[in-house]
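The values are calculated or read from the model by the stated rules, or taken from the named source; none is laboratory data. These numbers come from a predicted model, not from an experiment. Because the Cβ atoms are built from the backbone with ideal geometry, glycine has one as well, and the counts that use them run over all protein chains shown.
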Amino acid sequence: MQIRKNLRNSNFIVFDKRNDLLESAAKYLFKLLKSKRNPVIGLATGNTFEPFYHYISSNYKKFGCSFKNATTFNLDEYVGLSETDMNSYHYYMNAHLFSKIDINPSNTFLPDGSSKDLKTEVLSYEKLICENNGIDLQFLGIGTNGHIGFNEPGTNPASITHVVDLSESTITTNSKYFKNKNMPRRAITMGISTILSSKQIVLIATGNSKRNIINKLISGKITQEVPASFLIDHKNTTIMLDKSAGKDLIG
């Protein structure tokens, strides 16, 4: 079962089964891999994406796809964590995706959270995205407070890659992953403008905890207090929901 709702330029789809959601989201990626010689893919992290990456790594060969010519850029990284830290997004991506597909590691990019010069790091990361002609397909999750990447409520929609102070709600939500260790309170993130420059965006939201923030998106009100609301006017955005996150669209 699929329930669809169009809101200006955005397309909301609610899936009855999680596997159907994963398959549908993966088809966007597989289509790009087969249609473009050197695709540029924007990637996200978090619990939502673990089953998605498992589906991709288990099925990309079956669909006749390869990542050999692909370039990836991740949305964000915690400030102060090295690539080998088990809580870093570098570690997450290697564990859940990169080590399981045929991608060239030199074509996988994440912000360097351990950089001693963060100002130069954020500018270099933004420049690198531009030098690759921007992102063809950006995958996003969404925070319960509406953040995309680590763009917290109040972020300027014109923002490019920058260092952000994480909100208390984000720290509360994510601190459970930092067992016996203090969670960083800052991160590097693509800016809202960087994300919106992507040619196509697919946002995935699952679970009842995302229901309230999805309802705010459905309202159609665009505000800095809900950074994800700026996606509503993006020229090519699809928002994929399970039946818990999209419960109020089902009726």
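When the test is whether a residue is of a type outside the set (D, E, K, R), modelled with pLDDT of 95 or more, crowded, with 21+ Cβ neighbours inside 10 Å and not in a loop (DSSP other than H, G, I, E, B), Phe52 passes it. The criterion of being in a helix (DSSP H, G or I), in contact with a Lys or Arg (Cβ under 8 Å, 6 or more places away or on another chain), surrounded by 15 or more Cβ atoms within 10 Å (Cβ to Cβ) and touching a residue at least 12 places away in the same chain (Cβ under 8 Å) holds for Ser57.
Restricting attention to segment 1-22, the residues that are at pLDDT 90 or above and either in a strand (DSSP E or B) or loosely packed, with under 15 Cβ neighbours inside 10 Å (or both) total 8. Only residues that are farther than 24 Å from Leu166 by Cα and surrounded by 19 or more Cβ atoms within 10 Å (Cβ to Cβ): list them for segment 102-133, please. If the condition is that a residue be farther than 24 Å from Leu166 by Cα and surrounded by 19 or more Cβ atoms within 10 Å (Cβ to Cβ), then Ile103, Thr108 are the ones that fit.
On the given criteria, is Phe73 within 20 Å of Ala26 (Cα to Cα), aromatic (Phe, Trp, Tyr), in a helix (DSSP H, G or I) and touching a residue at least 12 places away in the same chain (Cβ under 8 Å)? In short, no. Residues of segment 181-196 include at least one that is under 15 Å from the mean Cα position of the chain (by Cα), polar (S, T, N, Q) and over 16 Å from Thr45 (Cβ atoms). Of all residue pairs spaced 6 or more apart or on separate chains, those with beta-carbon atoms under 9 Å, a first member in segment 128-142 that is without any contact (Cβ under 8 Å) to a residue 12 or more places away in the chain and a second member that is part of a loop (DSSP other than H, G, I, E, B) are Cys130/Ser197. Taking every residue in segment 13-37 that is in contact (Cβ under 8 Å) with a residue 12 or more places away in the chain and farther than 15 Å from Lys243 by Cβ and pairing it with any residue that is among the aromatic types (Phe, Trp, Tyr) and in a strand (DSSP E or B), at least 6 positions away or on another chain, the pairs with Cβ-Cβ distances below 9 Å are Ala25/Phe139; Tyr28/Phe139; Leu29/Phe139. Report yes if some residue within segment 89-112 is in a loop (DSSP other than H, G, I, E, B) and small (Gly, Ala, Ser); otherwise report no. Checking segment 89-112: not a single residue is in a loop (DSSP other than H, G, I, E, B) and small (Gly, Ala, Ser).
Of the residues that make up segment 124-133, is at least one within 28 Å of Ala70 (Cα to Cα), assigned to a strand (DSSP E or B) and either in contact with a helix residue (DSSP H, G or I) (Cβ under 9 Å, 6 or more places away or on another chain) or among the hydroxyl-bearing types (Ser, Thr, Tyr) (or both)? Scanning segment 124-133, I find no residue that is within 28 Å of Ala70 (Cα to Cα), assigned to a strand (DSSP E or B) and either in contact with a helix residue (DSSP H, G or I) (Cβ under 9 Å, 6 or more places away or on another chain) or among the hydroxyl-bearing types (Ser, Thr, Tyr) (or both), so the answer is no. The residues of segment 78-101 that are loosely packed, with under 15 Cβ neighbours inside 10 Å, small (Gly, Ala, Ser) and more than 19 Å from Ser66 (Cβ to Cβ), listed by number, are Ser82, Ala95.
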